[in-house]
Amino acid sequence: MKILFVTDPLESFKIYKDTTFSMMREAQKRGHCVVACEMTGVRWQQGESVSAQVRHIDLTGDQAAWFTVSATGREALKDFDAVLMRKDPPFDSEYFYATHLLSQAEREGARVFNSPAALRNHPEKLAILEFPQFIAPTLVTKNEADIRAFHATHGTIILKPLDGMGGMGIFKVGTDGLNLGAIIETLNRDGQQTVMVQKFLPGIAQGDKRVLLIGGKPVPFCLARIPQGGEVRGNLAAGGKGVAQALSARDREIAEALGPILFARGLMLVGLDIIGDSLTEINVTSPTCFQEITDQMGCDVAALFIDALEAAL
C-alpha cells in the first residue's frame, strides 16, 4: 500500500512518544510506502484533483535524523491507497477548511481516515452530549447565570473552552466560588463564547484515562494520565504522568457501547477520555498514546491500527 500521512512538520516530531511516527514505523515494517505532507501543501484547482506536495520517506531507526527523503513531488490524494489525517489540533477555521478539501478528495476517490465529515461532526468536547448515560453532570452555555446556578448545585466544578487542547484553559472552582466571576469572563468573553462546565470528578487523582478505539473495538489497555505537583489537569502536555493499565469493567462498557457507532460513521481511531466512571471527551482529530501503552504493557497498538487499516482497504 501507498499511505499518505497528513501531518505537522516531520521535523517537529518527538519520535520517542509520537503516535504518527509509530504508525509510520509499523507501515514501513510491513513493506508499505510511507509518504508525508502538510496541509500547507494541499490544494484544489478547477480541472484538477485535490493534490499535495509530498515527500516519500524512509525511516532510518536513528533518534536524531529519523527519516530520509527518497522522492518529492505533487501527487493526487486519490492515487494513494489511504490518506491518514494526523494533523494535531486545534480544530480552528483552517482545520475546518482542511476537512472540506479532504472531503473533496473523497468524492474523487480518495480513502481518508478519519472521515473528514466525521471530524466535522464530532467536536471533541461536544461529542459526549450524544451519550448522556455515560457522562458526569455537564452544562454547555454562554450564560453567566447558568454557570453560577450549576456551581450552586454541584459545588466544585471544572470550566473549559470548547476549542482547547492539551489541558489549555481548564479551570477548577471550589465550593467557595473564589474567582468564578473572573474565570467566566475569561472563558465566555462577556457572553460571546460558549463554555463547557462539568461537575468535578475526584477520580482525576487516579488519572484521566485515554481509552483507544481502533476499528470500533477497544484496545485492552489504556493510559491513565495522572496530575502532578498540585495540578488538576492530567494531560501529558500539562505535565501529567502516563501510567498504562488494563481497562476497567466500566471503561470497557463505555468503549464497547460507543465503538461500533463511531466506527460506522467513519472514525477508525478514537480516543475516549474517562475520569473515574464518566466519559469526559471523545477525541477524533489526532488521538495519541500508542507508544506509552506499547512501552509499558507490551501491547503493540500501532500493529493493531495497521491491521485495522489493511482490513478496511
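Quick notes on this structure:
- The ranking of Lys241, Lys87 by Cβ neighbour count inside 10 Å, starting from the fewest, reads Lys241, Lys87.
- Counting beta carbons within 10 Å around each of Thr40, Thr186 and listing the fewest first gives the order Thr40, Thr186.
- Nearest-0.05 FRET efficiency for Arg265 and Glu185, computed from C-beta distance (R0 35 Å): 0.45
- In this rough spin-label picture, where each label sits 7 Å from Cα along the Cβ direction, the Glu256-Asp307 distance is 1.8 nm.
- Region 168-218 and region 228-292 have Cα centres lying 15 Å from one another.
- Sorted ascending by nearby beta carbons within 10 Å, beginning with the fewest, Phe113, Phe131 become Phe131, Phe113.
- Highest mean packing comes first when the peptides 153-162, 175-184 are listed by Cβ atoms within 10 Å, giving 153-162, 175-184.
- Candidates per trypsin sites (Lys or Arg not before Pro) in region 106-202, loop by DSSP, up to 16 other Cβ within 10 Å: Lys142, Arg189
- Relative to the current alpha-carbon distance between Thr40 and Gln104, full extension at 0.36 nm per residue lengthens the span by 21.4 nm.
- Amide N of region 242-266 lying under 18 Å from the label point, which is placed 7 angstrom from the Cα of Lys172 along Cα→Cβ: 242-243
- If R0 is 22 Å, the Cβ-Cβ spacing of Ala246 and Asp8 corresponds to a FRET efficiency of close to 0.10.
- Here region 110-142 and region 1-58 have alpha carbon centers that stand 26 Å from each other.
- Here the chain carries DSSP beta bridges of which approximately 80% are antiparallel, counting only pairs with both residues inside.
Just so you know, all these numbers are worked out from the coordinates, no wet-lab data involved. The structure displayed is predicted, hence computed values, not measured ones. Note that each Cβ is placed from the backbone with ideal geometry, even for glycine, and that neighbours are counted across all protein chains shown.
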